[in-house]
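Participant: Before we start, here is the structure in question, set down as structure tokens.
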Amino acid sequence: MSKGKSIHALIILMFTQFISGGVTNTKGIVLDQVEQDLGLDLSQFGLVVLIYQLGFTLASVFIGYYTDKKGLRTMTIIGAIIMGLGFFGTGFAPNITFFLGFYMIVGFGLGAVGVTSNAIVPIAYPNIQGKMFNYAMGVYGLGMVLFPQILNYMFQFASWRYFYAAIGVVLILVIFYVTTVNFPDGRSEGMNLKAFIPMLKDIQFIFLMFFLIFEVSAEVAFTNFFPSYLKSLDLGGMSEASKEDLVANILSIFSIFFMIGRLLAGYLTRYLNERSILIFFSLGSVIMIGISFIFATSIPYLFAAAGFFFSTLFPTATAFGTQLSKTGGAALGLIYIAAGIGGGLAGYIVGFFSEQFGMAGGFFIVFIFLVLMFITALLMNSNKSSQQQAKDAEA
């Protein structure tokens, strides 16, 4: 591929990762504002998260399939259009019904752009894929760090509506950029649905899917419900504005720990296998969140350290799964489906329990998700995988 196409591919990859990281880490902050603006109750709050994750999961399946058929340029433009419409519609939604509908489109658009941007890497940088994915994760983390601070500053003079509308405007520029530059026009690996069958018969892959369901449930519940949970606590008479600053700071520090953990995990893989890393970081997340709940009102910043232990769980579990399967593309399909189920369940379950037992009771479900995740990690062992045994026999 020509140098010009590679540069354009890199710009789109980094931009989409930056936006995705930022939006993912500010959903909770925005939804907390929407709760006040549109009268969102806690059960509807959970429904919003479910709707978003449903859109994201559908995009992972459908856009992944059509990227193989229609090519990267076409599907990147379509993904940007969908996401732009979602952000514009969400920003100007007059009531909860419209907000829910457009928020699903936001989730679908983010999922679509995520799939196409990741598909760029093996086409534009076939010989340095690992390096480019690491760069992408770094920019994703940068978005996670900066967006809460940007949003918190913006709330001093503008509402969440302008934040989403501004992203929609930027996406118009992305569409113009992709349509006019010398953009890579390759096609990604197709999804082989038949390859799902042996994976679904492998108990180790089933354990992996449950691990991902619990892990994503915990992570989605934390990032979406933490702002409302913290603001529901009595923090020594702290004002509402001060609590908003505290939320933004904790989420930004959480993201810094998240990036540090990702970088460290790259070195740990030289010395430890995926199972050992998953067990260690799962146990660490259980302990860290447990301690944070105990000292929530006196040392709320402890929650930020959980970012370190959350950081490597999803990518390491993804590596565990793709190594088990002979077909990495199909494995990724099931991994994203499990992630979507986990994210959707998190919103519904935490929203329901928050409505029944208050914000503190609902948010404590995060700890339960983490305990279940840790138990599942103990059950995971690639040496007991039927697919791994078949691959070893062929070798």
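Participant: Looking at (1) surrounded by fewer than 18 Cβ atoms within 10 Å (Cβ to Cβ); (2) at pLDDT 90 or above, which one does TYR162 not meet, given that it meets all the others?
Facilitator: (2)
Participant: Count, please, the residues in the stretch 82-104 that happen to be over 19 Å from GLY46 (Cβ atoms) and either in contact with a Gly (Cβ under 6 Å, 6 or more places away or on another chain) or of a type outside the set (A, V, I, L, M, F, W, C) (or both).
Facilitator: So the answer is 9.
Participant: Further question: Are there any helices (runs of 4 or more DSSP H) wholly within the stretch 225-337 with 3 or more residues that are closer than 20 Å to GLY21 by Cα and touching a residue at least 24 places away in the same chain (Cβ under 8 Å), and if so which?
Facilitator: The qualifying helices (runs of 4 or more DSSP H) are 240-268, 306-310, 313-324.
Participant: Does any residue of the stretch 318-326 turn out to be modelled with pLDDT under 80, hydroxyl-bearing (Ser, Thr, Tyr) and buried (at least 23 other Cβ atoms within 10 Å of the Cβ)?
Facilitator: Looking through the stretch 318-326, at least one residue is modelled with pLDDT under 80, hydroxyl-bearing (Ser, Thr, Tyr) and buried (at least 23 other Cβ atoms within 10 Å of the Cβ).
Participant: Quick check on this structure: which one of ALA305, ALA248, ALA296 is at pLDDT below 90, of a type in the set (Gly, Ala, Ser) and assigned by the TED database to the domain that holds GLY358?
Facilitator: None of the others qualify; the one that does is ALA248.
Participant: For PRO184, all conditions in the list (1) at pLDDT below 80; (2) open to solvent by 70 Å² or more (accessible area, probe 1.4 Å) hold save one; what is the number of the exception?
Facilitator: (2)
Participant: In addition: So which of ALA360, ALA377, ALA395 is more than 25 Å from MET199 (Cα to Cα) and either modelled with pLDDT of 85 or more or not assigned by the TED database to the domain that holds LEU212 (or both)?
Facilitator: ALA360
Participant: Also, quick follow-up: Just to verify a result, which residue in the stretch 276-311, among those that are open to solvent by 50 Å² or more (accessible area, probe 1.4 Å) and not polar (S, T, N, Q), is nearest to ASN25 (Cα to Cα)?
Facilitator: Here the answer is TYR301.
Participant: To continue, here is another question. Assess whether SER239 counts as being open to solvent by 10 Å² or more (accessible area, probe 1.4 Å), out of contact with any helix residue (DSSP H, G or I) (no Cβ under 8 Å at 6 or more places or on another chain) and modelled with pLDDT under 90.
Facilitator: yes
The values are calculated or read from the model by the stated rules, or taken from the named source; none is laboratory data. Being a predicted model, the structure only gives us computed values, none of them experimental. Note that we place each Cβ from the backbone using ideal geometry, even for glycine, and neighbour counts take in every protein chain shown. Surface areas here come from the heavy atoms of the whole protein model, side chains and all, with no ligands, DNA or RNA. Shrake-Rupley method; radii C 1.70, N 1.55, O 1.52, S 1.80 Å.
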